[in-house]
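Structure record follows, encoded as structure tokens.
The values are calculated or read from the model by the stated rules, or taken from the named source; none is laboratory data. Everything numeric here is computed off the predicted structure, so don't read it as measured data. No Cβ is skipped: glycine too gets one built from the backbone with ideal geometry, and neighbour counts run over all protein chains shown.
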Amino acid sequence: MKCERVVFSGHAIQRMFQRGVEQDAVNAVIAGGETIADYPDDSPYPSRLPLGFVGSRPLHVVVAWDAGTGTCIIVTAYEPQPEQWDPGFGKRREQ
């Protein structure tokens, strides 16, 4: 997925503000993070979940991709909670 353009959804902006996640941090994660999950059947566009670290802070970003325009749409961004994720934050813990 190559982002020609990045668009932040209203939901993403609201959640990022609530969670203290900066736009530059999200851009860093989508540019250099590791994709830990793919959601090819998401609608209206397939999405993925990259994990990246900004300093020592782990971040997950849900990003949808419009292949027709090369646009990445940021759906949400959050700091994964240690009790829900294995160490390293790349795999959800078994419930």
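Could you please give the count of residues in segment 38-56 that are assigned to a strand (DSSP E or B) and either surrounded by fewer than 12 Cβ atoms within 10 Å (Cβ to Cβ) or not charged (D, E, K, R) (or both)? Counting residues in segment 38-56 that are assigned to a strand (DSSP E or B) and either surrounded by fewer than 12 Cβ atoms within 10 Å (Cβ to Cβ) or not charged (D, E, K, R) (or both) gives 8. Once segment 25-42 is narrowed to residues that are out of contact with any strand residue (DSSP E or B) (no Cβ under 8 Å at 6 or more places or on another chain) and modelled with pLDDT of 95 or more, the residue that is farthest from R5 (Cα to Cα) is D41. When each of V26, V21, V63 is tested for being within 26 Å of D86 (Cβ to Cβ), surrounded by 17 or more Cβ atoms within 10 Å (Cβ to Cβ) and in contact with an Asp or Glu (Cβ under 9 Å, 6 or more places away or on another chain), the lone residue that passes is V21. Selection over segment 1-37 of residues that are in a helix (DSSP H, G or I), of a type in the set (D, E, K, R) and farther than 15 Å from R57 by Cβ gives a count of 1. Pairs are defined by a Cβ separation below 7 Å, a sequence spacing of at least 6 or placement on different chains, a first member in segment 66-95 that is at positive phi, and a second member that is of a type in the set (A, V, I, L, M); the pairs so defined are F89/L51. Residue check: S47 meets all listed conditions (1) out of contact with any strand residue (DSSP E or B) (no Cβ under 6 Å at 6 or more places or on another chain); (2) closer than 25 Å to K91 by Cβ but one, namely (1). Among the residues that make up segment 78-86, is at least one of them more than 10 Å from the chain's Cα centre (by Cα), polar (S, T, N, Q) and within 18 Å of R15 (Cα to Cα)? Among the residues of segment 78-86, at least one is more than 10 Å from the chain's Cα centre (by Cα), polar (S, T, N, Q) and within 18 Å of R15 (Cα to Cα), which makes the answer yes.
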